[in-house]
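> First, the structure itself, so that you have it in front of you.
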Amino acid sequence: MNKIVRMQESHHETDSAVGPISGEAPEVAVPISPGREDGVNPEHDDRGDDLKKVINESRSSEPTLRQIIDKIPTLAWCNLPDGSSEFLNQRWHDYTGLSPQEAHRGGWKVAIHPEDLPRLTAKWGTLSDLEPCEYEVRLRRSDGVFRWFLFRIEPLRDEVRDVVRWYGTATDIEGRKRIEALRAAEKRTLEMIADGASLRDILNELCCSIDVEASPVISTVLLMDPDGERLWHTAGTLVPHDWLPAISPVLVSPHSACCGAAAFLKKRVIVADVATHINWPDEFKDLAMKNGIRAAWSEPILTEDGEVLGTFALYSSDPRIPTDAEIELIEAAGHIALIAIERQRSRAALTTALHEIAKSEAELRTIIDAIPQLIVAIGADGNLLYANKALLEYTGLRKEEVGTERFREVFHQEDSERLHDQREAALSRGLPFEYERRVRRRDGQYRWLLVQYNPLRDEQGKVIRWYATGTDIDERKQAEERTRQENVALREQIDQVFMFDEIVGSSPALKTVLSGIVKVAPTDSTVLITGETGTGKELIARAIHKGSRRAGHAFIAVNCASIPSSLIASELFGHEKGAFTGALQRRQGRFELANSGTIFLDEIGELPAETQIALLRVLQERQFERVGGTRVISTDVRIIAATNRDVPAAIASGTFRADLFYRLNVFPIDVPPLRNRKEDIPMLVEYFVKRYAEKARKQITKIDKNALKLCRSYHWPGNIRELQNIVERSVILCTGDTFGIDEAWLSSPGTARLKSSGLLIQNVKNYEKGLIEAALAESKGKVAGPNGAAAKLGIPPSTLDLKIKQLNITKNTIR
């Protein structure tokens with residue numbers, strides 16, 4: 001055995017070691033792994049230096065070396081490239097109880113929890129591609145108890161980077177996992193309380209969380225009845241069914257077996273062995289042991305003033321006392337149950353008036369009959385009890401026919417079959433619910449009703465009755481069906497004129513864009529989308545993603561202009577903990593989140609210079625580093641960029657890198673402004689009117705011709721976004737079935753001032769015209785490009801083209 005001790009270099013912190021069978025963590029030690037002559041890491045503490053000295057002195061002695069590795073206070077091992085064990089130190093054997101012969105090669109796997117083993121061993125076939133890694137798995141102690149460990153694994157590679165050994169250590173993290181589980185259980189309880197879940201559902205969810213954490217121990221909650229003399233089983237789905245009669249009810253008494261005594265004494269009661277406990281009646285002892293209950297531990301659920309609300313208990317299949325961890329679970333679960341019970345009591349207090357009314361059946365029926373809405377009362381078992389006067393008049397039935405087959409015939413057969421399972425499941429949950437179904441009116445016509453169910457509960461929270469109300473929504477359903485058919489027809493029409501989701505239109509300018517989308521989408525090429533603000537550049541990017549092989553993965557959009565320049569690098573590439581003030585933990589960037597998908601970088605022209613360099617590296621090498629990190633991260637992401645700036649002009653002014661532009665401009669798509677595709681305006685108006693009318697629940701069936709005429713004549717400086725906003729505003733203000741637009745909304749903000757200050761405006765126009773003509777003359781009539789007039793004036797070429805047209809400037813004459 002010619003192996004040298006090698007200390008892991010990937011973790012500078014020390015590893016908590018696992019101690020004796022008690023499960024307590026012994027002194028922390030640096031992991032040591034045999035098999036490589038690397039020496040000892042000098043960055044560890046004094047104890048590491050002492051160990052280094054011992055190792056150096058013992059290097060020539062194999063028995064001494066083996067003894068050192070066996071004595072280090074941590075679980076350590078060495079595996080071959082296929083994952084089979086080559087060496088396990090003595091600490092590992094002591095903890096698991098497996099002999100070297102039993103653990104050799106693949107025998108060590110029996111100590112791993114069956115649910116965690118596939119995840120741990122799944123990647124052994126590709127270990128040559130792995131870097132140092134960590135896994136959280138459960139390891140079986142020699143007494144059969146599983147505890148959570150953090151496995152840290154590091155490769156030893158030869159000169160050609162092939163893995164020749166794997167070294168690992170294990171850290172006990174049982175305490176941390178238990179705290180995480182309790183926090184999650186408390187968070188889930190609070191969420192269910194906020195959502196209005198029943199107390200039974202909340203407590204059952206709590207028991208499920210504890211059962212998972214404390215397995216194989218099972219949990220149960222017993223609640224106190226109003227007289228304070230008995231406890232009743234309320235929650236605990238794993239409690240054996242045959243045992244339930246023994247705990248429903250339990251007498252509150254000092255001589256009671258477990259829960260009753262805990263409630264009476266107001267303190268924890270531990271029964272280490274059911275078979276020998278003096279307060280367990282013989283018939284219950286036999287029943288308990290028959291159902292696998294050999295020990296029981298109960299914690300009273302107490303309010304601040306000492307009132308007993310119930311008990312939380314754990315059952316064990318082995319005669320024993322609870323561990324410290326199980327005591328913590330009992331206390332924490334009791335606290336969480338207290339929160340849920342007190343909340344339920346507060347809610348019950350608010351509904352006392354309703355319960356009082358429910359006690360008087362005659363009075364309640366009188367009230368229900370006076371309500372014009374259709375109402376039926378349903379028993380807790382789901383059977384109909386009675387119907388109010390309005391429902392009988394609506395259906396033409398007699399009171400005696402309620403609950404009979406004759407009553408069930410008024411419901412449409414298709415709906416009864418469709419809703420049967422849904423109704424039964426909702427009734428069993430005990431929460432309010434609703435659905436839509438057809439009911440036959442007394443004239444024989446089926447009409448749609450919205451049926452809403454609400455439960456009535458007793459003081460213990462048990463559902464004793466349901467009330468269902470029916471509201472006629474037939475006109476609404478008919479309108480929805482008409483709208484649906486119109487939408488189908490509209491979608492078919494739009495599909496014929498090249499609509500990609502919300503990209504609406506059939507103009508030649510838009511067809512050119514859509515043709516480019518169809519061609520570039522299936523590829524992985526980088527796309528640069530240019531166009532004015534509001535033209536729908538992000539819609540184009542989403543259409544490209546949807547048509548690509550990455551459509552099943554994430555589409556991450558980043559607006560580069562909305563993120564401060566000091567944070568843009570962290571937002572795109574992520575950061576390590578402590579990279580800057582406020583970086584309290586590691587954070588993934590947008591490029592990591594978009595891996596295997598598409599990242600859309602909007603307003604790319606606003607990126608600061610240092611971020612442009614980092615983005616250029618991603619484009620060239622498909623690699624980046626987090627802010628504050630040193631590890632190179634590879635990424636498989638498609639990049640789509642967009643800008644409303646004149647990029648060549650930005651390059652000329654030095655605010656945008658030319659090499660980055662060439663990398664982005666693999667497949668350029670220029671989105672035309674709305675003024676250049678005015679033939680699409682009627683279709684866009686119709687599309688937006690239907691969308692916002694449906695959202696506002698309005699029936700708008702016509703579009704005023706004058707409104708379309710105004711839209712065609714307007715210049716639309718805000719493009720489609722401005723059109724969309726004006727249509728939404730018009731729909732909100734529309735009071736009839738005809739859509740119209742206020743002409744004042746389509747006036748330029750400066751129109752009034754132009755009329756009142758004509759001389760000043762004319763002077764400004766003349767000055768502006770002179771500047772443009774001078775720039776055109778200097779650029780020999782060229783508008784765009786680094787040496788074009790637009791770059792010289794510092795404005796986009798599209799803006800300059802517009803001003804040339806407005807000021808009647810002839811470029812040919814100037815050239």
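The values are calculated or read from the model by the stated rules, or taken from the named source; none is laboratory data. The shown structure was predicted, so the numbers you read here are calculated from the model rather than taken from an experiment. Don't worry about glycine lacking a Cβ; one is built from the backbone with ideal geometry, like all the others, and counts go over all protein chains shown. The accessibility values were calculated without ligands, DNA or RNA, using every heavy atom of the protein model including side chains. Shrake-Rupley method; radii C 1.70, N 1.55, O 1.52, S 1.80 Å.
> Say each of Glu115 and Thr655 gets a label point 7 Å from the Cα, pointing the same way as Cα to Cβ; how far apart are those two points in nm?
Placing both labels 7 Å along Cα→Cβ, they lie 5.7 nm apart.
> Oh, and also: With a 1.4 Å probe and every protein chain left in place, tell me how much accessible area Met289 has, in Å² to the nearest 10.
Its accessible surface works out to 70 Å², give or take rounding.
> Something else now. What full-extension length gain, to one decimal in nm, is calculated for Met289 and Asp421 as 0.36 nm per residue of separation minus the Cα-Cα distance? Intermediate values should be presented prior to the final figure.
Numbers: separation 132, 0.36 × 132 = 47.52 nm, distance 3.81 nm.
The span from Met289 to Asp421 would gain 43.7 nm if fully extended.
> Oh, and also: Leaving out ligands, DNA and RNA but keeping every protein chain, what accessible area does Trp448 have, in Å² rounded to the nearest 10, with a 1.4 Å probe?
Surface open to solvent at Trp448 totals about 50 Å².
> Roughly what would the spin-label model give for Ile339 and Lys705, points 7 Å off Cα along C-beta, in nm?
The answer from the label model is 6.7 nm.
> Can you list the residues, at least 5 places off or on another chain, whose amide H is less than 5 Å from the amide H of Asp670, using H built in the peptide plane?
Answer set, sorted by chain and number: Thr530.
> May I ask you to derive the relative contact order of segment 586-676, considering only C-alpha pairs under 8 Å and at least 6 residues apart, and to give it as an integer percent?
Details: 87 pairs, mean separation 31.9, N = 91.
It comes to 35 percent, rounded to a whole number.
> Just the accessible area per residue of segment 405-478, please: how many Å² with a 1.4 Å probe?
59
> On to the next question. Taking K and R as +1 and D and E as -1, what net charge do the other residues with C-beta under 10 Å from the C-beta of Val410 add up to? Mind dumping the intermediate values first?
Values: positive: Arg406, Arg408, Arg438, Arg440, Arg441, Arg442; negative: Glu401, Glu409.
Summing Lys and Arg as +1 and Asp and Glu as -1 gives +4.
> Lys and Arg at +1, Asp and Glu at -1: add these up for the other residues within a Cβ distance under 9 Å of Leu314 and post the number.
Numbers: positive: none; negative: Glu299, Glu326.
Every neighbour counted, the sum reads -2.
> Sum up the charges of everything whose Cβ sits under 14 Å from the Cβ of Gly396, counting Lys and Arg as +1 and Asp and Glu as -1, but leave Gly396 out. Write down the numbers at each step before the final one.
Values: positive: Lys389, Arg398, Lys399, Arg406, Arg440, Arg441, Arg442, Arg447; negative: Glu393, Glu400, Glu401, Glu409, Asp443.
Overall, the nearby charge balance is +3.
> Out of the total accessible area of segment 160-296 (probe 1.4 Å, heavy atoms of protein only), what percent is carbon and sulfur? Write out the running numbers ahead of the final one.
Numbers: 3580 of 6500 Å².
About 55 percent, which is the carbon plus sulfur part of the accessible surface.
> Sticking with this one: Could you please put Trp108, Trp232 in sequence from largest to smallest accessible area, using a 1.4 Å probe?
Details: Trp108 20, Trp232 110 Å².
If we order Trp108, Trp232 from most to least accessible, we get Trp232, Trp108.
> At a 1.4 Å probe radius, carbon and sulfur cover how many percent of the accessible area of segment 399-460? Spell out each step's value before the answer.
On the way: 1660 of 3810 Å².
Here carbon and sulfur together make up 44 percent of the probe-accessible area.
> How many percent of the accessible area of segment 639-701 is carbon or sulfur, using a 1.4 Å probe? Kindly include the intermediate steps, with their values, before the conclusion.
Working: 1450 of 2950 Å².
Carbon and sulfur: 49 percent of the exposed surface of segment 639-701.
> Place a label point 7 angstrom from the Cα of Ile321 along the Cα-to-Cβ direction, then list the residues of segment 243-278 whose backbone nitrogen is under 18 Å away.
258, 262, 267-278
> Please give the per residue accessible area of segment 148-279, computed with a probe of 1.4 Å over protein heavy atoms only, in Å². The partial results should precede the final answer.
Numbers: 5980 Å² over 132 residues.
Averaged over the residues of segment 148-279, the accessible area is 45 Å².
> Using a Förster distance of 56 Å, how high is the FRET efficiency between Gln90 and Asn787, based on the Cβ-Cβ distance and rounded to 0.05? Spell out each step's value before the answer.
Values: r = 78 Å, r/R0 = 1.40.
The formula returns an efficiency of 0.10 here.
> Let me ask something additional. Which of the pairs Lys537/Lys702; Lys782/Lys805; Lys511/Lys805; Lys389/Lys462 have their Cα atoms more than 19 Å apart in this structure? Intermediate results must be reported in sequence, preceding the final value.
Numbers: Lys537/Lys702 30 Å; Lys782/Lys805 15 Å; Lys511/Lys805 25 Å; Lys389/Lys462 28 Å.
Beyond 19 Å: Lys537/Lys702; Lys511/Lys805; Lys389/Lys462.
> Give me the distance in nm between label points sitting 7 Å out from Cα along the Cα-to-Cβ direction at Glu304 and Arg729, one decimal.
About 5.4 nm, to one decimal.
> Could you work out the pair-distance distribution P(r) of segment 104-214 from its alpha-carbon pairs, with 5 angstrom bin width and percents rounded to whole numbers?
Values per bin, smallest distances first: 2, 10, 15, 17, 14, 11, 10, 8, 5, 4, 2, 1, 0.
> Please work out the FRET efficiency for the pair Asp158 and Thr512, using the Cβ-Cβ distance as r and a Förster radius of 45 Å; give the result to the nearest 0.05. Kindly include the intermediate steps, with their values, before the conclusion.
Values: r = 57 Å, r/R0 = 1.27.
After rounding, the FRET efficiency stands at 0.20.
> Grab the beta carbon distance between Tyr662 and Arg476, set R0 = 56 Å, and tell me the FRET efficiency rounded to 0.05.
Details: r = 57 Å, r/R0 = 1.02.
Efficiency, rounded to the nearest 0.05: 0.50.
> Between Lys805 and Arg440, what length in nm is gained on full extension when 0.36 nm per residue of separation is reduced by their alpha carbon distance? Please report the intermediate quantities before stating the final value.
Working: separation 365, 0.36 × 365 = 131.40 nm, distance 6.75 nm.
Full extension from Lys805 to Arg440 adds 124.7 nm.
> If you stretched the chain out fully between Glu229 and Glu694, how much longer would it get, using 0.36 nm times the residue separation minus the C-alpha to C-alpha distance? Spell out each step's value before the answer.
Values: separation 465, 0.36 × 465 = 167.40 nm, distance 5.86 nm.
Gain on extension, Glu229 to Glu694, equals 161.5 nm.
> Could I ask something else about it? Asp227: accessible area at probe 1.4 Å, nearest 10 Å²?
80
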